[in-house]
Every structure is written in C-alpha cells, then in structure tokens.
Amino acid sequence: MGTMDQYTRYETLFGDGALQWRDGLVVSHCPPGTAGARIAVQGALAPTTGDARRLTGMLQAYFAGERVEFTAAGLPIDWGAGSPFQQRVARALAAIPFGETVTYAGLAILAGRPGAARAVGNFMAANPLPVLLPCHRVIRADGGWGRYSAGADYKRRLLRMEAAVRDTRVPSGRRPRTAGSREYHPAPIGPEAR
C-alpha cells in the first residue's frame, strides 16, 4: 500500500499556496492564488517538518518580492518522475537564475537535445512544480511571454517582480545579464551534451 500524500499550506500576498508531499519529497506545488491552490489548501496543514518550514519560508519570501534562489541542491524534490530527457529539462530549468530567462529552444539545448523545443514546451505545460522549477522564466524565441499554467498574467507578474528585484541589485548604468544575451552560456546537462 502506498504512502498517503500530505499537503502543506502557506500564505502570501498573492494568496494561499500549497505543496504536495510524498515520502518526504515535494511532488507538486500549487502557486498562491491559483485555482489549484484554492482546492489544495482545503485539506492542507501548517508546515510540520524542517523541510516543509524551510521551503514554505522560502516561498513566502519569494512571493513577498525577495530574491530567492530555488536551486536543485538541497530542495526535497522528487526527481524520479518522467523520462531521462524530462529529468534533464527539470534540472536545467532549476538552474536558470533568478531574474533571467531562456527560450524553449535554449532550454532544449541545455537539456542536451537541440531541436526539442516543442518537447520542452510540453514538459513546461505539465510542470508539477511551478516556481520551484521556474517554467515562468522560459519565453518564446521572439521574446514573447509564452504560456503559463497559472495564466499569462501570472507569468508576467512573476517575471516583472523578478526583474524589479534584479534591477535593484545592479550598479547604476549597467544592465544585468539575461539568458537571451550572448553572455549567458551555462553548460548543457546530460550525456547527449558531450
């Protein structure tokens, strides 16, 4: 018999959010103020474990407009779901820095499969961990926002919030790097990248 899922609720200015846990790992995130969060928080509890308190604290800080880096290292995320390619996309996605963006095609390259932009888009549409795996930082090749599971307005709100925080930390007269610039070239992930 499988382990029963648990839900942790947290409050922000965006509304209430919820995390779904299984065997001590986060398997789903319903961002604050979304329809999924409104349903999930009904049975959710206050954070009881150290990981739950730490992660909900990070999410509360993020949605309060603070710079928070949700990196793959140290987060209790279930990386076992999906194909090997989807796992590489998830890890490449987690590595996109706060306030920066990358295109769907660029993320496909980082995941070791140039030309797989559509597959990356399909993964983004089904991302169970929005914000933690920052699919809102993935944009169209033409610079357009692209779609987002919580809606285009929500995606724009997150990107604008991150840009405002990012811009306050850059010395005057200098523009911060963005993933679309020539300066942003993280190493691809996975065996196909060699």
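Considering the range 25-51, and only residues there that are of a type in the set (A, V, I, L, M, F, W, C) and open to solvent by 50 Å² or more (accessible area, probe 1.4 Å), the residue that is nearest to C135 (Cα to Cα) turns out to be A35.
Each residue in the range 83-118 was checked for being touching a helix residue (DSSP H, G or I) at 6+ places or on another chain (Cβ under 7 Å), open to solvent by 30 Å² or more (accessible area, probe 1.4 Å) and small (G, A, S), and 3 pass. Filtering R22, R54 for residues that are more than 17 Å from V131 (Cα to Cα), open to solvent by 30 Å² or more (accessible area, probe 1.4 Å) and modelled with pLDDT of 85 or more leaves a single hit, R22.
The set of residues in the range 92-139 being farther than 17 Å from A163 by Cβ and in a loop (DSSP other than H, G, I, E, B) consists of A95, A111, G112, R113, P114, G115, A116, A126, N127, P128, L129, L132. Is it true that D78 is farther than 30 Å from G115 by Cβ and of a type in the set (D, E, K, R)? No: the conditions fail for D78.
So that you can scan it fast, the table gives a plain yes or no per residue for (1) of a type in the set (A, V, I, L, M); (2) over 23 Å from G33 (Cα atoms):
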residue: A52; (1), (2): yes, no
residue: T56; (1), (2): no, no
residue: E66; (1), (2): no, no
residue: F70; (1), (2): no, no
residue: A81; (1), (2): yes, yes
residue: P84; (1), (2): no, yes
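Among the residues of this structure, F14 does not count as one that is under 19 Å from M124 (Cβ atoms), buried (at least 17 other Cβ atoms within 10 Å of the Cβ) and aromatic (F, W, Y).
I'd like the residue in the range 137-153 that is in contact with a Gly (Cβ under 9 Å, 6 or more places away or on another chain) and not aliphatic (A, V, I, L, M) and, out of all such residues, is surrounded by the most Cβ atoms within 10 Å (Cβ to Cβ).
Step one: filter the range 137-153 for residues in contact with a Gly (Cβ under 9 Å, 6 or more places away or on another chain), giving 137-141, 143, 146-147, 149-150, 152.
After this cut, where a residue has to be not aliphatic (A, V, I, L, M) as well, the list is 137, 140, 143, 146-147, 149.
Values: R137: 22, R140: 14, G143: 10, G146: 19, R147: 14, S149: 18.
The qualifying residue surrounded by the most Cβ atoms within 10 Å (Cβ to Cβ) is R137.
The values are calculated or read from the model by the stated rules, or taken from the named source; none is laboratory data. Predicted model only: the values in this text are computed from it and were never measured. As a convention, Cβ positions derive from the backbone with ideal geometry for all residues, glycine included, and neighbour counts pool all protein chains shown. Quick note on the areas: whole protein, heavy atoms, side chains included, nothing else; ligands and nucleic acids left out. Shrake-Rupley method; radii C 1.70, N 1.55, O 1.52, S 1.80 Å.
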